1. Determine the per residue accessible area of the stretch 5-134 with all protein chains present and a 1.4 angstrom probe, expressed in square angstrom.
2. Where both partners of a DSSP beta bridge lie in the stretch 5-134, what percent of those bridges are antiparallel, to the nearest 5?
3. Which of the helices in the chain meet the span-like rule: DSSP H, Cα axial reach of 18 Å or more, Kyte-Doolittle mean at least 1.6?
4. What is the percent carbon and sulfur in the accessible area of the stretch 5-134, measuring with a 1.4 Å probe over the protein chains and ignoring ligands?
5. Kirkwood hydrodynamic radius (Cα pairs, Å) of the stretch 7-141?
6. Mind ranking ARG85, ARG16 by accessible surface for me, highest first, 1.4 Å probe?
7. Sort ARG36, ARG63, ARG113 from largest to smallest accessible area, using a 1.4 Å probe on the heavy atoms of the protein chains.
Amino acid sequence: MESLLTEIDHVAIAVRDLDAAIAWYEDAFGATVEHREVVESDGVAEALLRVSDSYIQLLTPTREDSPVAKYLEAKGEGLHHVGYRVADCAVALDAVKAAGGRVIDNAPRPGSRGTLVAFVHPKTSFGTLIELVEERLTHEA
Ligand code: CO
């Protein structure tokens, strides 16, 4: 079977101070922010810095009950999840379920940049929170 994972979409890093993290990536690497967005439903603000065809996603909570706030509390700043690009989020999610994987989202839902996403629980994916990301080209950031 051909891999359902077509590319690394993004590597997400949880930070306490989004502007400070952006400034550091700019100073250290000359990286530039391509997109910023607040995703109210997830209680996060994010900045995407492009690396070739992928992104570094700097993530910070916008409210105390956000999952990212809980993550920072428990584990501190650092790698939060990996976003794998897929052609069809629903197909990839079904494949995960069929393989016995535990999912956080039972069905694809809207993500940032107009993408369609679903999260896979780290418990059955060897400790890594995985986000399946389907690009929808009708929306260009
Ligand atoms: Co993400």
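1. Numbers: 6700 Å² over 130 residues.
Per-residue value: 52 Å².
2. On the way: 30 of 39 bridges.
Antiparallel: roughly 75 percent of the beta bridges in the stretch 5-134.
3. Details: long enough: none.
The qualifying helices: there are none.
4. On the way: 3640 of 6700 Å².
The nonpolar share, carbon plus sulfur, comes to 54 percent.
5. Values: mean 1/r = 0.0657 Å⁻¹.
It works out to 15.2 Å.
6. Numbers: ARG85 25, ARG16 150 Å².
So the residues, ranked largest to smallest area, are ARG16, ARG85.
7. On the way: ARG36 130, ARG63 90, ARG113 25 Å².
I get ARG36, ARG63, ARG113, largest accessible area first.
The values are calculated or read from the model by the stated rules, or taken from the named source; none is laboratory data. Since the model is a prediction, treat every value here as computed from it, not as a measurement. The area values use the complete protein model at the heavy-atom level, side chains included, leaving out ligands, DNA and RNA. Shrake-Rupley method; radii C 1.70, N 1.55, O 1.52, S 1.80 Å.
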